[in-house]
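Here's the structure, in structure tokens; my notes come after.
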Amino acid sequence: FFFLVAALVCSTTMNRMVEEQRTQIGVLKALGYARGRIMGKYLFYSGSAALLGCLIGFFAGSWLFPTVIWFAYGIMYQMGDFVILLDWRLGAVSLLVSVLCSMGTTFVTCRYELADVAAQLMRPKAPKNGKRIFLEKIPFLWNHMSFLVKVSARNIFRYKQRFFMMVFGIGGCTALLLTGFGVKDSISGIIDNQYGEIQINDLNVIFSDAYTQKDRSEFEKIMGQTAAGYTLAFEESADLGAGEETESVTLVIPQNPDEMGDYLSLHTEKGEAISWPGEGEVVLTAKLAEKSGLETGDETLIKDEDGNSLRVTVSGISENYIYNYAYLSPETWRSQTGGEAEYQTAYVNVKEGQDIHEASAAIMNCSGVASVTAYEDMQTRFGSMMESMDYVVLVIIVCAGALAFIVLYNLTNINITERLREIATIKVLGFY
């Protein structure tokens, strides 16, 4: 889009410049200069402007945009230095397009002007004939318009190319601005939805081995003191799909599916509740289903790290924003693998008024606990990630605003220059 608007600006500017230089072209032609020499002057001017602008934009842009994005990521992560690699192929294509837009327009315009004889070129070019516009065929509207508005309307339809350039240029820049603000606003509520409406448990506890393989009395004692409740689940990384086209997914199987409603809310993106999948069924998260091309009722294959394969039917697609999940019932695992799932994860809800971090530290000190994740910390971490997008959005907004200014300045400058006599006429008529 930026290239399109830049091409329109270059075309309009160079076309206008050559038309303004008609008299000079006529003088040079009368003095005996060949057409090629005269055209070369303007081709050099437009070509050098395109070359200089492209070089500045290529090197400055290659430094500016990676720096801003790297800085944004630096808010979340401890990152080292980075090396800027210039994409020379992209630079060459950009230069080619820029030169073709500016020099091509100059060549076509010069060729058209040089077709006239010198005496004709040295005379001022006759303005375009005024024409009736379709608004004049609507008396109710036309008769209620003031004189200056009528003049403006006629000028708009008189120079349709510039009118469309203004509409597409400013409309496109406004679309870019809306995109920048829209991206920011669209992702701002994701974290609250994920950890406030979907994953509604407070802590995620991972044990070093299956829950039943060791004495968990210490953990259960802490649960009695700090937790409002907990449930066990099996979590494992797996691949969804068959053949080369697979998607990575976290497989979740609860020990007691009836208890999962207190820790995880399965619902569609429209807010409709989804029941826990039965035997031979799976519930997929929305983005995973979209990437895999799956819909409710489709059959798919899940392969885990141990080589187990499960053929299941999609019974629902749930709303989700962070990571990809596939939810199964313990009956499905038992019937298709011939064994019991090893429950090494616990979802925990702490008591009202209990400090989550104190509870997390107490659980972490229990024997056999490998890690404890507080979703409150996850919410803070991902919130910082979303804030880093502000810098990327700012770059989009500034660039779109600058492009809009260039389009407006260029067209307004042309319009005012062309209408000096018209403005003088209007002043003589008594308008301020």
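Taking a ≥ b ≥ c as the square roots of the eigenvalues of the alpha carbon gyration tensor, region 310-401 is oblate, as a/c is not under 1.5 and a/b does not beat b/c.
Say R0 is 51 Å: what FRET efficiency, to the nearest 0.05, do ILE406 and THR246 get from their beta-carbon distance? According to the calculation, E is roughly 0.60.
Select one label from (1) 65, 62, 41; (2) 105, 56, 43; (3) 93, 59, 45: the one whose number is Cα extents along the principal axes in Å as derived from the coordinates shown. Evaluating Cα extents along the principal axes in Å on these atoms matches (2).
For the pair SER237 and VAL395 in one chain, pulling the backbone fully straight at 0.36 nm per residue adds 53.2 nm over the alpha carbon distance.
Pick out, in residue order, every one of the trypsin sites (Lys or Arg not before Pro) in region 104-187 that is DSSP loop and has at most 13 other C-beta atoms within 10 Å; say none if there are none. Working shown, then result.
Working: sites: ARG111, LYS125, LYS128, LYS131, ARG132, LYS137, LYS150, ARG154, ARG158, LYS160, ARG162, LYS184; in loops: LYS125, LYS128, LYS131, ARG132.
Answer in residue order: LYS125, LYS128, LYS131, ARG132.
Classified by the C-alpha gyration tensor, region 295-354 has an oblate form. Its axis ratio a/c, with a ≥ b ≥ c, is 1.5 or above, and a/b does not exceed b/c. Per residue, the convex hull spanned by the Cα atoms of region 28-126 amounts to 123 cubic angstrom. Compute the separation of the alpha-carbon centres of region 274-311 and region 377-432 and state it in Å as a whole number. Measuring centre to centre over Cα atoms gives 48 Å. Over region 142-200, the alpha carbon radius of gyration divided by the compact-protein estimate 2.2 N^0.38 Å works out to 2.12. Reported to the nearest whole Å, the Cα centre-to-centre distance from region 207-239 to region 137-166 is 75.
At 1.4 Å probe size, with every protein chain present, just tell me what the per residue accessible area of the chain comes to in Å².
So the chain comes to 58 Å² accessible per residue, rounded to a whole number.
Result for the chain in a Gaussian network model with C-alpha springs under 10 Å: among GLY338, GLY53, GLY196, the largest mean-square fluctuation is at GLY338.
Shown is the FRET efficiency for THR425 and ALA175, computed with R0 = 51 Å from the Cβ-Cβ distance and rounded to the nearest 0.05: 0.85. Looking at region 322-421, the GluC sites (Glu not before Pro) that sit in a DSSP loop and have at most 11 other Cβ atoms within 10 Å of their own Cβ are GLU352.
What's the carbon and sulfur percent of region 133-195's accessible surface, probe 1.4 angstrom, rounded to a whole number? Intermediate values should be presented prior to the final figure.
Working: 2740 of 3900 Å².
The computed percentage sits at 70.
Please work out how much length the chain gains when fully extended from GLU331 to PHE59, using 0.36 nm per residue of separation minus the C-alpha to C-alpha distance, in nm with one decimal.
Contour length minus Cα-Cα distance gives 91.9 nm.
Is the shape of region 350-416 rounded, prolate or oblate, going by the alpha carbon gyration tensor and its root eigenvalues a ≥ b ≥ c, with a/c under 1.5 for rounded and a/b larger than b/c for prolate? Judged from the Cα gyration tensor, region 350-416 comes out prolate (a/c at least 1.5, a/b above b/c).
The values are calculated or read from the model by the stated rules, or taken from the named source; none is laboratory data. It should be emphasised that the depicted structure is a prediction, and the values quoted were computed from it without experimental measurement. Neighbour counts are summed over all protein chains in view; Cβ atoms, including those assigned to glycine, are modelled from backbone coordinates with ideal geometry. Each accessible area value is taken on the protein alone, full model and side chains, heavy atoms only, with ligands, DNA and RNA left out. Shrake-Rupley method; radii C 1.70, N 1.55, O 1.52, S 1.80 Å.
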